[in-house]
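Trainee: Sharing a structure, written as structure tokens. Questions coming.
The values are calculated or read from the model by the stated rules, or taken from the named source; none is laboratory data. Everything numeric here is computed off the predicted structure, so don't read it as measured data. Cβ: placed from backbone, ideal geometry, glycine included. Neighbour counts: every protein chain shown. The accessibility values were calculated without ligands, DNA or RNA, using every heavy atom of the protein model including side chains. Shrake-Rupley method; radii C 1.70, N 1.55, O 1.52, S 1.80 Å.
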Amino acid sequence: MPDFAVQRFTLDNGLRVVVAPQSGSGVVGVSVHYDVGFRSEPQGRTGFAHLFEHLMFQGSESLPKLEHFRVVQSSGGVFNGSTHLDYTDYFEVLPSAGLERGLFLEADRMRAPTITAENLANQVDVVSEEIRLNVLNQPYGGFPWIWLPPVLYETFPNAHNGYGDFVDLQAATVEDCVDFFWTYYAPANAVLTICGDVDAGMASDLASSHFGDIPFRPAPQRPSFDEPAPTTQRRAVQTDPLAPSPALAVGWRMPDPVADLSGYLAYVLLGSILSDGEASRLQSAVVTPGIATEMWASPGLVGGALDARHPDAFVLGALHTSGRTADDVIEAALEQIRAVADDGVEPEELRRAVIRFSADLFRENDAIAGRTRTIGSLELLHGRAELINEIPARIAALSAEDIAAAAARLGIDNSAVLEVVPAETADQDSGPAQSSQEPAGGQR
């Protein structure tokens, strides 16, 4: 994998800037990662971080509504934004000659977005329709990222529905938005990343020129979102009227990815050994015999591995027929996990998992958009963008004993189990399926 050189500096207003030049690509990526995501939303405002991300595309004091779109697209570029557990990011990819244009657009967004009642009402409608389309009218629409957290976690920041409750979205006010902007969208609470075919010196000068005059505001004190891990099994049942067959998810807590990165990465390899490819253990022992129809195991509830700070989750997921119970599937999977814990993994299994991870990482970061966003998120979450170069070696250094130790921590007694039951199946039972544990957030 190529080694991406990284340079960093901090502007007087606290904005951290990372430059990762690579000559010859002809394109440049610009991203801004803000240190605020679903977990920072206040109670009574579920979905607010995502709603606010939408508002940040509604124009500014310098540009009318939709002008940001026109500037990027007329330059032959692409753009987008996304909201995660611990951050929100915005990015553009442009021909390298468009670097200053991208920096202007992001600085303009950080300086003075247009926050009006009209824009807010419009975006509440847009986000509500997005929820209807992606969650309410989709089979398994909330599975597992919305439905599992209230089972695995007990505190509001970790357990609530980050997509948002309709009542909370409708209750959002312009004052809420202004306060959110002034609190979380400060330069000192963000990372600007410039990546691709740029001269590092010129990129630094342009970053200082466009962002340097944005007034300093202190970064908010980020609280710890840690909470005790389950010490007994937690369990809930969710009825899904659109699901064609039952499903389940089992969640466990993982090591802190910042404080114990190697311990965390052991779960990345464990997930691959368990479920990636036809030769993986869960495919061979659970799916092929027909106990489950589909099965996967991996870290992360939103955005995959290394996309959040602590606490994060290792998730086992499965679809199965109504002829099998959830416990049948879970026990078959746990048998494979116990085998890894007791007997370790074969050298060839470990080698395949390391190669697969490194290949996936290279593929993900080969394109400028992916690389820019990865560098930005690693700098924000870990304070170390260089991890993009270092992680493959950290993964390769893990031993069979490390994987076995990770597997040994995945027991039924410290798990959170979510069963998804099709409405027809629920009706055939004694009554409609009900959650056995009240979610901490607004589950619809």
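Trainee: Rounded, prolate or oblate: which fits the chain when a ≥ b ≥ c are the square roots of the eigenvalues of the alpha-carbon gyration tensor, with rounded for a/c under 1.5 and prolate only if a/b beats b/c? Could you put the intermediate results ahead of the total?
Mentor: Numbers: a/c = 2.09, a/b = 1.37, b/c = 1.53.
Note, shape of the chain comes out oblate.
Trainee: I'd like the antiparallel share, as a percent to the nearest 5, of DSSP beta bridges with both residues in region 221-336.
Mentor: 100
Trainee: Further question: Assign one of three labels to region 1-90, namely rounded, prolate or oblate, based on the Cα gyration tensor with a ≥ b ≥ c the square roots of its eigenvalues; rounded applies when a/c is under 1.5, prolate when it is not and a/b is larger than b/c, and oblate otherwise.
Mentor: Details: a/c = 1.97, a/b = 1.29, b/c = 1.53.
Cα axes put region 1-90 in the oblate bin.
Trainee: Under the 0.36 nm per residue contour assumption, what length would be gained going from the current alpha-carbon distance of Thr293 and Asp125 to full extension?
Mentor: Length difference between fully extended and current span is 56.8 nm.
Trainee: I'd like the antiparallel share, as a percent to the nearest 5, of DSSP beta bridges with both residues in the chain.
Mentor: In the chain, DSSP labels about 75 percent of beta bridges as antiparallel.
Trainee: Another one. Within 10 Å, count the other beta carbons around each residue, average over each peptide in 186-195, 369-378, 273-282, 341-350, and list them highest first.
Mentor: 186-195, 369-378, 273-282, 341-350
Trainee: With r defined as the distance between the Cβ atoms of Asp327 and Ser209 and R0 fixed at 56 Å, what FRET efficiency is calculated, to the nearest 0.05?
Mentor: Numbers: r = 62 Å, r/R0 = 1.10.
In this case the efficiency is close to 0.35.
Trainee: What order do you get for 115-127, 233-245 when each peptide is scored by the mean count of other beta carbon atoms within 10 Å, highest first?
Mentor: The packing order, highest mean first, is 233-245, 115-127.
Trainee: Answer with one residue from Gly304, Gly323, Ala285: the one whose Cα lies farthest towards the positive end of the charge dipole of region 274-361, charges on Cβ with Lys, Arg +1 and Asp, Glu -1.
Mentor: Gly304
Trainee: Assign unit charges at the C-beta atoms only (+1 for Lys and Arg, -1 for Asp and Glu), then state the dipole size of the chain relative to its Cα centre in Debye, rounded to the nearest 20.
Mentor: Working: 29 positive and 60 negative charges, 94 e Å.
For the chain, the charge dipole is close to 460 debye.
Trainee: Give the shape of region 337-402 as rounded, prolate or oblate, defined through the alpha-carbon gyration tensor: a ≥ b ≥ c are the square roots of its eigenvalues, a/c under 1.5 means rounded, and otherwise the shape is prolate if a/b is larger than b/c and oblate if not.
Mentor: Since a/c reaches 1.5 and a/b is larger than b/c, the shape of region 337-402 is classed as prolate.
Trainee: How far is it, in nm, from the label point at Glu335 to the one at Thr183 when both lie 7 Å from their Cα along the line to the Cβ?
Mentor: 5.0
Trainee: Let me ask another. Taking θ as phi - 60°, what are the ³J(HN,Hα) couplings along region 118-133 by the Karplus curve (6.51, -1.76, 1.60), each to the nearest whole Hz, with x for Gly and Pro?
Mentor: Karplus-based 3J(HN,Hα) across region 118-133 equals 5, 5, 5, 4, 4, 6, 4, 5, 5, 5, 4, 5, 4, 5, 4, 6 Hz.
Trainee: Evaluate Rg over Rh across region 199-317, taking Cα atoms for both radii and Kirkwood's formula for Rh.
Mentor: Rg/Rh: 1.16.
Trainee: Quantify how much of the Cα-Cα distance distribution of region 330-372 extends past 14 Å, in percent.
Mentor: Working: 584 of 903 pairs.
So the pairs more than 14 Å apart make up 65 percent of the total in region 330-372.
Trainee: Normalise the Cα radius of gyration of region 136-198 by 2.2 N^0.38 Å (N = residues in it) and let me know the number. If you can, show how the numbers build up before the last one.
Mentor: Working: Rg = 16.9 Å, N = 63, 2.2 N^0.38 = 10.6 Å.
Cα Rg divided by the expected 2.2 N^0.38 Å: 1.59.
Trainee: I'd like to know how region 288-360 sits against the 2.2 N^0.38 Å rule of thumb: what's its Cα Rg over that expected value?
Mentor: Against the compact-globule rule of thumb, the ratio is 1.29.
Trainee: With runs of 4+ DSSP H residues as the only contributors, calculate the mean residue ellipticity of the chain at 222 nm using -39,500 (n - 2.57) per run, divided by the residue total and rounded to the nearest 500.
Mentor: Numbers: 16 runs with 174 residues, N = 444.
One gets -12000 deg cm²/dmol as the mean residue ellipticity at 222 nm.
Trainee: Could you size up the charge dipole of region 1-85 around its Cα centre, putting +1 on the beta carbon of Lys and Arg and -1 on that of Asp and Glu, and report it in debye to the nearest 20?
Mentor: Here the size comes out at about 100 debye.
Trainee: Something else: For Leu85, what residues show an amide H to amide H distance below 5 Å, using hydrogens built from the backbone and excluding near sequence neighbours?
Mentor: Those qualifying (amide H under 5 Å, at least 5 residues apart or on another chain) are Phe38.
Trainee: A follow-up question, please. Once ligands and nucleic acids are excluded and a 1.4 Å probe is used, how much of Asp213 is accessible, expressed in Å² to the nearest 10?
Mentor: 100
Trainee: Among 72-82, 382-392, how do they line up by average Cβ neighbours within 10 Å per residue, starting with the highest?
Mentor: Ranked by mean Cβ neighbours within 10 Å, highest first: 382-392, 72-82.
Trainee: Another one. Compute the length gained on full extension between Ser74 and Leu133: take 0.36 nm times their separation in residues and subtract their Cα-Cα distance, giving the result in nm to one decimal.
Mentor: 18.3 nm
Trainee: Kindly state, to the nearest 0.05, the FRET efficiency for Asp360 paired with Val174, given R0 = 30 Å and r defined as their beta-carbon distance.
Mentor: After rounding to 0.05, the efficiency reads 0.10.
Trainee: Rank Leu261, Val19, Gly37 by how far each Cα sits towards the positive end of the charge dipole of the chain (+1 on Lys, Arg Cβ; -1 on Asp, Glu Cβ) and give me just the farthest.
Mentor: Working it through, the farthest residue towards the positive pole turns out to be Val19.
Trainee: Place a point 7 Å from the Cα of Ala5 along the Cα-to-Cβ direction; which residues of region 188-231 have their backbone N under 20 Å from it?
Mentor: Answer for this model: 193-208.
Trainee: Of the options Ala247, Ser82, Ala385, report the single residue whose Cα projects farthest towards the positive end of the charge dipole of the chain (beta-carbon charges: Lys, Arg +1; Asp, Glu -1).
Mentor: Projecting each Cα onto the dipole axis, the largest value belongs to Ala385.
Trainee: What are the ³J(HN,Hα) couplings of region 348-356, residue after residue, when phi is run through the Karplus curve with 6.51, -1.76, 1.60 and θ = phi - 60°? Round to Hz, x for glycine and proline.
Mentor: Karplus values, whole Hz, x for Gly and Pro: 5, 4, 5, 4, 4, 5, 5, 5, 4.
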